[in-house]
Amino acid sequence: MRADAPQYLRTLEACCATGSLRRAADQLHLHHSSVARRRELIGKALGFEPTEPTGLLRAGLALTSWRLLDG
């Protein structure tokens with residue numbers, strides 16, 4: 001997985017925004033198994049599990065910080 005691949009960033013954003021694998025898949029127009037695989041790879045790259053409540057919070061905070069620094 002390339003850390004700078006935009007599809008992983010969009011997947012993480014959709015998962016954080018919806019809080020649901022299936023809703024994120026609907027938003028991204030992907031099958032839920034594709035989103036699950038991406039989320040698994042994202043978790044390995046980040047070093048924590050974005051499916052758990054604390055991991056989802058950490059991912060959301062990281063995305064917010066990234067947006068503030070980028071913008």
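The values are calculated or read from the model by the stated rules, or taken from the named source; none is laboratory data. Quick caveat, the model's predicted, so the values are computed rather than measured. Every residue, glycine among them, receives a Cβ derived from its backbone with ideal geometry; neighbour counts consider all protein chains shown. When the accessible area is computed, the model is the full protein with side chains, heavy atoms only, and any ligands, DNA or RNA have been set aside. Shrake-Rupley method; radii C 1.70, N 1.55, O 1.52, S 1.80 Å.
Listing for the model above:
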{"item": "Stretch gain in nm, segment HIS29-THR51, where the contour uses 0.36 nm per residue and the Cα spacing is subtracted", "result": "6.0 nm"}
{"item": "Distance (nanometres) between label positions extended 7 Å along Cα→Cβ at LEU63 and GLU40", "result": "2.1 nm"}
{"item": "Helix 53-70 axis, angle to the chain major axis (alpha carbon atoms, nearest 10°)", "result": "50 degrees"}
{"item": "Isotropically averaged projected area of the chain, using the convex hull of Cα atoms (one quarter of hull area), nm²", "result": "4.4 nm²"}
{"item": "Local net charge near ALA24, Cβ-Cβ under 15 Å (Lys/Arg +1, Asp/Glu -1)", "result": "+3"}
{"item": "Simple Cβ-charge dipole of the chain, Lys/Arg +1 and Asp/Glu -1, about Cα centre, in debye nearest 20", "result": "120 debye"}
{"item": "Accessible-area composition of the chain, carbon plus sulfur, in percent [1.4 Å probe]", "result": "54 percent"}
{"item": "Which of THR11, ALA25, GLY60, positive extreme of dipole for the chain (C-beta unit charges)", "result": "ALA25"}
{"item": "Tilt relative to the chain, helix 32-46 - C-alpha long axis, 0 to 90 degrees, to 10", "result": "30 degrees"}
{"item": "Residue-normalised accessible area of the chain, given per residue in Å² at a 1.4 Å probe", "result": "68 Å²"}
{"item": "Helix-only [θ]222 nm of the chain, DSSP H runs n ≥ 4, -39500 (n - 2.57) each, per residue, nearest 500", "result": "-24500 deg cm²/dmol"}
{"item": "Length-normalised contact order for the chain - Cα pairs under 8 Å, 6+ apart - percent", "result": "27 percent"}
{"item": "Nearest-ten-degree value, helix 6-18 long axis tilted from longest Cα axis of the chain", "result": "80 degrees"}
